[in-house]
Each structure stands twice: as structure tokens, then as C-alpha cells.
1. If you take every residue apart from Asn58 with its C-beta less than 12 Å away from the C-beta of Asn58, what net charge results, scoring Lys and Arg +1 and Asp and Glu -1?
2. Over 27 Å between C-alpha atoms is what I'm after, so list which of Lys57/Lys79; Lys26/Lys250; Lys246/Lys300; Lys112/Lys247; Lys134/Lys164; Lys112/Lys164 land there.
3. Provide the descending list of Cα extents for the chain along its principal axes, expressed in whole angstroms.
4. Once Lys and Arg get +1 and Asp and Glu get -1 on their Cβ, which of His285, Pro268, Leu295 lies farthest toward the positive end of the dipole of the stretch 260-308?
5. If you average the C-alpha positions of the stretch 86-136 and of the stretch 4-61 separately, how far apart do those two centres end up, in angstrom?
6. Can you tell me the Rg and Dmax of the stretch 2-178, counting just the alpha carbons, in angstroms?
7. I want the antiparallel fraction of DSSP beta bridges within the chain, as a percent rounded to 5.
8. Which parts of the stretch 82-109 would a label at Arg159 reach, counting a residue when its backbone N lies under 13 Å from a point 7 Å out along Cα-to-Cβ?
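What follows draws every value from the coordinates through simple rules; no lab data is involved. Predicted model only: the values in this text are computed from it and were never measured. As a convention, Cβ positions derive from the backbone with ideal geometry for all residues, glycine included, and neighbour counts pool all protein chains shown.
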Amino acid sequence: MDIAVLGAGAMGSVYGAHLATLAENKVTLIDIWPQHVEAINSQGLSINSPEGDQVYKNLTAVTSAQGLKAQDLVIVFVKATVTQEAMSQALNLVGPKTMVLTLQNGLGNIEKLCQVVEAKNVLGGINSYGSSIKGPGQVILRGRGETVFGEIDGPPSERLVNLKNLFDQAGLPASLTSNVQGRVWTKLISNIAINALCAIMGIKNGQLLNHPEAISLLEGAVSEAVAVGQAMSITFETDHPIQYAKKVIKNTAENVCSMLQDVRAKRPTEIAVINGAIVEAGLKHNIPTPINLVLTNLVKVIQQNYPA
């Protein structure tokens, strides 16, 4: 299978490396960081995980999708803030039967992709792995989670079953869902509970539960998100959202969340498609979201004050 990973940061690199272990796959990582691309091509992709260090060399990296042929599978891992732009610049990757799978954070990625490519090509999903970039060509995989995907409308199809088998064989155990939006929103609950708070406080995920003040804020933010989702007829895949969020925090206690990684690296964050998306949807449905509004505004101010 010809596979392109659009956005080969920490998570995209992990998925691309694993899929490249299967001899029948030809994997191309696409990322705008030239040093990362150069290191992968010259030395291989190094992944440090709880199982040990491993270097993956059976893959290619490029800084642009231009010149590449249509792929069987495109996995989208760019920041959610640039989903539509990135896909628009990589339309040559998409043929009539290409599957375009988003495993990104935040809300709206499926909709943005459908504005650029035909909806029949788009698959939605989530992942809950914990990883970070150590340096060019070097990734730290702190914890393995779940990978779930499905058709954006309807039950799993034959192509989804085949894709699940491919992921399973590559060491990325996957499951299928008929409720993609519900899965995305359920994943969003953990992002709502963790990302902005950790980015503002500068702490690892697990440290949130050491502070009553942080617990109160994450509980309030999650409750607001659930109220908004329910107003939008979202079917969550948990009956206990706050407990679910706390379980994710415990399971990823040593993780430095992606938003804190962005703040430390002085990069734009995904606040607009996480807490900010709740605020925006709350306004449309007359649901108050004061905690998410404060968290969104605080992260925006942090971004606006990065050193030049």
C-alpha cells in the first residue's frame, strides 16, 4: 500500500514508522521541518519507547507533497489549525479510491477535509498515544493508547476492516466505530481537561490531579463541553465524562501534552479547535462556557507574548 503521512511531527512519525515495518507498504512522511526530513532520510527515524530504542529506515521523508503520485492512504496529522490549507496543497495525493484519514486533535477536521476532497474519501478517527519530538529524526513515545476510526457516515465498510487489519499487523492495534463524531467528542473531553490547563500551569498531565484548584477547573471545563455536545445531539462514548477525563490523566500522568510542548517551543497551539471550539459552539447553542472562555483567552495571550 502507498501511504503518505501529512504532518510528520511526533505522532505522524510514530504511525508512519510502524506502518513502514510491513514490506508491502511504501511510506512517505511529509513535513515542513527540513532538518527533521533530512535526518530521517540520512539516518533513519529513531523512536525511544518504553520497549526500548529502535531506528526505522524503511521510509522516505519530503518537505512537500508536490511530485508525489496518488496514494492508497493519506493520514492527516498536521495541526488542526492548518488542516484545510495543508490538504489543499497536497491534492495530488488523492485519487478516486484514496482514503484520507484524520487522527488529529480537536473539532472540525473532518469538515475541513470534506471542503477540499470528496466526502467519500474521508475517514474520521482518534488516537491517544503520547509522544514528543526529541530532535530532528528523533521521537519519544511515552505511552501507547488506542486508535479508533470509521466512516464519517454509516457503519464500518470493507475498506475499514482492511485498514484495521493493516494497522493491527503494523503494531498499531485499532478498532472501528459507527459513531465517529461521538469518538471525536469523547477524545475532546480529555483534551479539554488537560491541554489548556497544563499549558498555562506548565505541568505534566498527572500533576493536574495534585491540585484541588486544577481539578475544579477541569471538571467545570469538561461539564461545559458535555453540555454543548448534548445540545448538538452528540452521543458520547462514556456515561461519566469527568471520570473518563481523570482516567486519561492518570494513564498519561508522565506526558507533556502537545499544547504545553507548543508553548515551550513558542509555536501556535490548537486552542482554537479545542477549548475555543467549545466556546464558539456554545455561543451558537446558547450554552454558557465561561471556564473554557477564560482558558482559551489565557492561552491566546501566552501565544501573543512569545518572544520575537
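1. Taking every Cβ under 12 Å from that of Asn58, the sum is +1.
2. Working: Lys57/Lys79 25 Å; Lys26/Lys250 36 Å; Lys246/Lys300 25 Å; Lys112/Lys247 30 Å; Lys134/Lys164 29 Å; Lys112/Lys164 24 Å.
Too far apart for the 27 Å limit: Lys26/Lys250; Lys112/Lys247; Lys134/Lys164.
3. Computed over the chain, the largest-to-smallest principal extents equal 50, 41, 36 Å.
4. After comparing all options, I get Pro268.
5. 17 Å
6. Rg, Dmax (Cα atoms, Å): 14.9, 43.
7. The antiparallel fraction comes to roughly 35 percent.
8. It comes to 94-102, nothing else.
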